[in-house]
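Please read the structure below before turning to the comments.
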Amino acid sequence: MQMYALRCAAEENCLSRSAYGPAVRDIDFRVLLRFPQKVKNQGTSDFLPVKPRYQWDWHSCHQHYHSMDAFSNYDLLDAGSGRRVAEGHKASFCLEDTSCDAGFRRRYACTSHTQGLSPGCHDIYAANIDCQWIDVTDVPPGNYILKVTVNPNFYVLESDFTNNIVRCDIIYTGVYVQTRNCRVTRG
């Protein structure tokens, strides 16, 4: 994707360091590893932003509020060494009950007044949303692990933090990505 289309994402520091250099131009391209994310509240209480709504951050470029600074962290790890080779993050901008399991009802919608995730409900971030990626422009082809961590700083109290990390095996050819073996892990 060209830099001119990534201005809002750049404001939110969603690109790798090399995207912020003085020689980077609007016509330069970045390579993005995009992926969807579905987060389910498996607990018995609402998953709510830590900050009260009057402290939510307005982002004029995207025209929405961020209710949490760090909703998810994304790490691309070298499959052999486990070393982080690239990273990304997602601030929550629309924490809502996108869908719910049978027997549960949606209570939260994406508004500037209320955000949250009800028990038994899911929040879905599509792969085409800004910052729902890792900038892999500087990453060579190889075998990697995509590590997605929800509530990475443990700011939102939960009954179980052991189900907040998903790891997927990634084969990156430099042109396309093959993903397999996604699983919930403890760390």
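The values are calculated or read from the model by the stated rules, or taken from the named source; none is laboratory data. Note that the structure is a prediction, hence the values are computed from the model and not measured. Every residue, glycine among them, receives a Cβ derived from its backbone with ideal geometry; neighbour counts consider all protein chains shown. Quick note on the areas: whole protein, heavy atoms, side chains included, nothing else; ligands and nucleic acids left out. Shrake-Rupley method; radii C 1.70, N 1.55, O 1.52, S 1.80 Å.
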Exercise. Taking only pairs six or more apart or across chains, which ones have beta-carbon atoms under 6 Å, a first residue in segment 112-138 that is under 13 Å from Lys40 (Cβ atoms), and a second residue that is assigned to a strand (DSSP E or B) and among the polar types (S, T, N, Q)?
Worked result: His122/Ser99; Tyr125/Gln37
For this session: Go through (1) modelled with pLDDT of 95 or more; (2) in a loop (DSSP other than H, G, I, E, B); (3) open to solvent by 60 Å² or more (accessible area, probe 1.4 Å) one by one and return the number of the condition Cys182 breaks.
Result: (2)
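Anything in segment 25-38 that is out of contact with any His (no Cβ under 8 Å at 6 or more places or on another chain) and either outside any loop (DSSP other than H, G, I, E, B) or surrounded by fewer than 13 Cβ atoms within 10 Å (Cβ to Cβ) (or both)? List them, or say none. Talk me through it step by step, then tell me what you get.
So the first thing to find is which residues in segment 25-38 are out of contact with any His (no Cβ under 8 Å at 6 or more places or on another chain), and the list is 25-37.
Once the filter is applied, which keeps residues that are out of contact with any His (no Cβ under 8 Å at 6 or more places or on another chain) and either outside any loop (DSSP other than H, G, I, E, B) or surrounded by fewer than 13 Cβ atoms within 10 Å (Cβ to Cβ) (or both), segment 25-38 yields Arg25, Asp26, Ile27, Phe29, Leu32, Leu33, Arg34, Pro36, Gln37.
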Exercise. Among the residues of segment 3-24, is any over 16 Å from Asn128 (Cβ atoms), open to solvent by 90 Å² or more (accessible area, probe 1.4 Å) and of a type in the set (A, V, I, L, M, F, W, C)?
Worked result: no
Exercise. Of all residues in segment 39-85, which are open to solvent by 80 Å² or more (accessible area, probe 1.4 Å), modelled with pLDDT under 85 and either among the aliphatic types (A, V, I, L, M) or within 19 Å of Phe154 (Cβ to Cβ) (or both)?
Worked result: Val50, Asp69
Exercise. Residues of segment 104-147 being open to solvent by 20 Å² or more (accessible area, probe 1.4 Å), closer than 23 Å to Asn13 by Cβ and not in a loop (DSSP other than H, G, I, E, B), which ones?
Worked result: Ile145, Lys147
Exercise. Of these, Asp138, Asp130, Asp101, Asp123, which one is acidic (Asp, Glu) and within 14 Å of Ser67 (Cβ to Cβ)?
Worked result: Asp123
